[in-house]
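Take a look at the structure set out below.
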C-alpha cells in the first residue's frame, strides 16, 4: 500500500469521533479521514458541492475514496455527484437511519412520525448546532416554527454515557418534547467502513 493511506474517507464532521474510533479499533491504518464542517448538517443544499470539491482536491492521491455521508437532505444531489465520480457512500437517508439500522429506524418513524433525533455528536453540540445554529437562542418565537409538529426527541446513542442521557432529557424539555433513549452502537457506519476498507462496492443509486 506504500507510505500513504490507500483509501480516503470524506466524512461529515459530525462523524469524526466515531470514524476515528472505528479506525483505531479495527486497525485500519490504510484509511485516511478528511472531514467537512459539521455545520453543513443545517445547510444540506451545500453538501454535494463541498464533497465534490474535496474529491477534486484529492484526485490521484489515493487508490480509492469513500464518502461517509448518507443522502443527508441533499435530495439526490450528492448521489448525482458520486455517480459521476464512481464513488460510494453510506446507504440510507441520514445518519439516524444508518446508526439505528434501516429496519429499526423505519419502526421508530412509523411509531411516531413527529420525532426529532439526536446522535452523540449532535447532543454534545446541541446548543451550538440547534439552539444557536437555528437562531432559537435569540428568537425563541422560532421554537414552535421549527418544532411545533414534533412530539418526541429520540437520542440514538453510539456509546453508553449517562451524562449525555441527562443532557438528552434537558434538550427534550427545552424543546417541549417527550424523551426516549436508544443505544445503537455504530450501526451500519461500521459495516460501511469495513466495506470501504476492503474496497467492496456495496451502494448503488
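Checking 36, 15, 40, 22 one by one, the residue that is under 15 Å from the mean Cα position of the chain (by Cα), farther than 16 Å from residue 198 by Cα and touching a residue at least 40 places away in the same chain (Cβ under 8 Å) is 15 and no other.
Note on the stretch 73-100: residues that are under 18 Å from residue 121 (Cβ atoms), surrounded by fewer than 20 Cβ atoms within 10 Å (Cβ to Cβ) and touching a helix residue (DSSP H, G or I) at 6+ places or on another chain (Cβ under 6 Å) total 1. Filtering the stretch 107-137 to residues that are in a helix (DSSP H, G or I), touching a helix residue (DSSP H, G or I) at 6+ places or on another chain (Cβ under 6 Å) and either more than 16 Å from residue 72 (Cβ to Cβ) or without any contact (Cβ under 8 Å) to a residue 24 or more places away in the chain (or both) leaves 123, 126. Taking the stretch 159-184 only, how many residues are assigned to a loop (DSSP other than H, G, I, E, B) and modelled with pLDDT under 95? Qualifying residue count for the region: 3.
A single entry from 24, 43 fulfils the requirement of being out of contact with any strand residue (DSSP E or B) (no Cβ under 6 Å at 6 or more places or on another chain) and closer than 19 Å to residue 79 by Cα: 43.
The values are calculated or read from the model by the stated rules, or taken from the named source; none is laboratory data. All figures in this text were calculated on a predicted structure; none of them were measured in a lab. Neighbour counts are summed over all protein chains in view; Cβ atoms, including those assigned to glycine, are modelled from backbone coordinates with ideal geometry.
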